[in-house]
1. Can you name the residue in segment 55-80 that is in a loop (DSSP other than H, G, I, E, B) and of a type in the set (S, T, Y) and, of all such residues, is modelled with the lowest pLDDT?
2. Tell me, which strands (runs of 3 or more DSSP E) lie completely within segment 81-134 with 1 or more residues that are more than 15 Å from the chain's Cα centre (by Cα), hydrophobic (A, V, I, L, M, F, W, C) and closer than 16 Å to C55 by Cβ?
3. Look at segment 56-75 and say how many of its residues are surrounded by fewer than 18 Cβ atoms within 10 Å (Cβ to Cβ), within 17 Å of the chain's Cα centre (by Cα) and of a type outside the set (D, E, K, R).
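The values are calculated or read from the model by the stated rules, or taken from the named source; none is laboratory data. Owing to the predicted nature of the structure, the values given are computational and were not obtained by experimental measurement. Counting neighbours? That spans all protein chains shown, and the Cβs are built from the backbone with ideal geometry, glycine included.
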Amino acid sequence: MITPGRGLVGVVSGCVALLTGCSGHDDAAQVRQSNTGVAVADTAEMQRSAFVTACAGTSAGWQATAVVSNRDVVEHKYLVVISFMTPEATDLERTRTEVLVAPGSTQDFTTETLLDPVTRPQTVRCVLRGVEQL
């Protein structure tokens with residue numbers, strides 16, 4: 001049997017978790033506690049960041065420009081996946097691009113997909129789907 005006090009704690013904890021998850025903070029900014037009680041950054045997520053900076057049509061299709069930042073002290077290669085989507089969230093095409101980033105640097109890159117200019121939608125969204133360190 002659940003006591004009334006524990007039920008309330010569960011509801012409050014759930015609400016706090018829900019509000020925290022919707023606060024607009026990126027998971028990469030979250031911090032966890034180590035056994036010593038000192039906050040330690042989640043290394044895999046804190047050492048890189050990526051985002052789309054431009055999304056535009058070309059004569060042959062659609063193009064996304066993006067950047068990847070490497071905050072580590074060594075060079076890394078990243079696999080970046082970008083989806084080209086309709087405003088209704090239909091996936092038209094997906095590209096996978098490998099980007100080499102020097103230590104402490106940000107590297108921009110462009111990826112393009114072939115979409116028939118006559119039949120493609122007037123508006124295409126470029127959505128970052130994932131970044132993986134290789």
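1. Here is the first cut: in segment 55-80, the residues in a loop (DSSP other than H, G, I, E, B) are 58-60, 71-75.
Still in the list and also of a type in the set (S, T, Y): 58-59.
Values: T58: 90, S59: 87.
Per the criteria, the residue is S59.
2. Values: elements: 91-101, 105-114, 125-133.
Per the criteria, 91-101, 105-114.
3. Here is the first cut: in segment 56-75, the residues surrounded by fewer than 18 Cβ atoms within 10 Å (Cβ to Cβ) are 56-61, 65, 67, 69, 71-75.
Those left that are additionally within 17 Å of the chain's Cα centre (by Cα): 65, 67, 69, 71.
Filter again for of a type outside the set (D, E, K, R), leaving 65, 67, 69.
Counting residues in segment 56-75 that are surrounded by fewer than 18 Cβ atoms within 10 Å (Cβ to Cβ), within 17 Å of the chain's Cα centre (by Cα) and of a type outside the set (D, E, K, R) gives 3.
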